[in-house]
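Novice: This structure is in structure tokens; I'll ask about it shortly.
The values are calculated or read from the model by the stated rules, or taken from the named source; none is laboratory data. Please read these numbers as outputs of a predicted model, since none were measured by experiment. Cβ: placed from backbone, ideal geometry, glycine included. Neighbour counts: every protein chain shown. The protein model used for the area step is the full one, side chains on, heavy atoms only, and it has no ligands, DNA or RNA in it. Shrake-Rupley method; radii C 1.70, N 1.55, O 1.52, S 1.80 Å.
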Amino acid sequence: MLYLASQSPRRRELLDQIGMQFGVLDVNVPEQRLPGEPPVDYVSRVAREKAGAGLLQVMSNPTALVLGADTEVVMDDVVYGKPLDADDAARMLRELSGKTHRVISAVWILDAGNEQHAISESLVRFKKLDDEEIFRYVESKECFGKAGAYAIQGRAAAFIEYLQGSHSCVMGLPLFETSQLLKKFGINV
């Protein structure tokens, strides 16, 4: 049985989109970048730690397969995680405004004897945002709980001038890479 080690409604929606049946595990993994840790390594490590924490919860099930994922917004080696509050969200959006940033998603799938992972990177360019747009977006509260303080599948879609890569990567679970990993475990999407 497949388990998703995440409470993210977006990841659940994406797995549903490709017809997967899965259970959901609540894991508590600190999302703290280590000093000098490259952004890709950080995202991959956190995703691996989520999958590992989930696997520990279901070890009594010999057929358990656990998926852990992490997604971060990165610009100039700065990682833009989830905003702490409205001011932090507005700051992030101002810094991303009119610029191109990377979105890095890592996926790890583990069972009792195997682990596989994949990394997906996409480029996103925001249009130049004015203060009113930022204020209204933050006021909508859609920015909270999202890396970089935005949701591409929501109102922030109107901010996206350019996307190179995977829409589902930016949402939080790159579906192509995920389906390829699942295939390695004998699950065809």
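Novice: Multiply the residue gap between M59 and H167 by 0.36 nm, knock off their C-alpha separation, and tell me the result in nm, one decimal place. Walk me through the numbers before you get to the answer.
Specialist: Details: separation 108, 0.36 × 108 = 38.88 nm, distance 3.29 nm.
That pair, M59 and H167, stretches by 35.6 nm at full extension.
Novice: List the relative contact order of the stretch 1-152 as a percent without decimals, with contacts defined as Cα pairs under 8 Å and 6+ residues apart. Please report the intermediate quantities before stating the final value.
Specialist: Details: 280 pairs, mean separation 35.0, N = 152.
Worked out over the stretch 1-152, it gives 23 percent.
Novice: Can you give me the accessible area per residue for the stretch 83-173, using a 1.4 Å probe, in Å²?
Specialist: Values: 4220 Å² over 91 residues.
Using a 1.4 Å probe on heavy atoms only, each residue of the stretch 83-173 averages 46 Å².
Novice: Which FRET efficiency value, to the nearest 0.05, do you get for A112 and R33 by plugging their Cβ-Cβ distance into 1/(1 + (r/R0)^6) with R0 = 30 Å?
Specialist: Numbers: r = 29 Å, r/R0 = 0.98.
E(calc), rounded to 0.05, equals 0.55.
Novice: OK, next. Show me the helices of the chain, taken as full DSSP H stretches, that run 18 Å or more along their long axis by Cα and average -1.0 or above in Kyte-Doolittle hydropathy. Please report the intermediate quantities before stating the final value.
Specialist: Numbers: long enough: 39-57 (28 Å, -0.12).
Correct list, ordered by number: 39-57.
Novice: For labels at F176 and K99 in the simple 7 Å Cα→Cβ model, what's the distance in nm?
Specialist: Modelled inter-label distance: 2.7 nm.
Novice: Would you work out the relative contact order for the stretch 70-189, in percent, from Cα pairs under 8 angstrom that are 6 or more residues apart?
Specialist: Working: 219 pairs, mean separation 37.1, N = 120.
Once normalised by length, the contact order is 31 percent.
Novice: Once label points are set 7 Å from the Cα along Cα→Cβ at both R125 and D87, what is their separation, rounded to one decimal in nm?
Specialist: 3.3 nm
Novice: Report the calculated FRET efficiency for Q21 and R136 (r = Cβ-Cβ distance, R0 = 25 Å), to the nearest 0.05.
Specialist: Working: r = 38 Å, r/R0 = 1.53.
The pair Q21/R136 has a calculated efficiency of 0.05.
Novice: Within the set of other residues whose C-beta is less than 15 Å from the C-beta of N114, count the net charge using Lys and Arg as +1 and Asp and Glu as -1. Write down the numbers at each step before the final one.
Specialist: Values: positive: R48, K183, K184; negative: D111, E115.
Here the count lands on +1.
Novice: Can you tell me the order of 90-96, 7-13 when each peptide is scored by its average per-residue count of other Cβ atoms within 10 angstrom, highest first?
Specialist: Those peptides, ordered most packed to least, come out 90-96, 7-13.
Novice: Nearest 500 deg cm²/dmol is fine: what mean residue ellipticity at 222 nm does the chain get from its DSSP H runs of n ≥ 4 alone, each adding -39,500 (n - 2.57), divided by its residue count?
Specialist: On the way: 6 runs with 63 residues, N = 189.
It comes out at -10000 deg cm²/dmol, rounded to the nearest 500.
Novice: Something else: State the three equivalent ellipsoid semi-axes of the chain, derived from the C-alpha gyration tensor as the square roots of 5 times its eigenvalues, in descending order and whole Å. Let's see the in-between values first.
Specialist: Numbers: eigenvalues 179, 52, 44 Å².
The answer is 30, 16, 15 Å, longest axis first.
Novice: Next up: First select every other residue whose beta carbon is under 13 angstrom from the beta carbon of R102; then total the charges, Lys and Arg +1, Asp and Glu -1. Intermediate values should be presented prior to the final figure.
Specialist: Numbers: positive: K99, R125; negative: E72, D76, D77, E121.
So the environment of R102 carries a net charge of -2.
Novice: Can you compute the charge dipole magnitude of the chain about its Cα centre, using +1 on each Lys and Arg Cβ and -1 on each Asp and Glu Cβ, nothing else charged? Give it in debye, rounded to the nearest 20.
Specialist: Numbers: 21 positive and 26 negative charges, 85 e Å.
The dipole of the chain has a size of about 400 debye.
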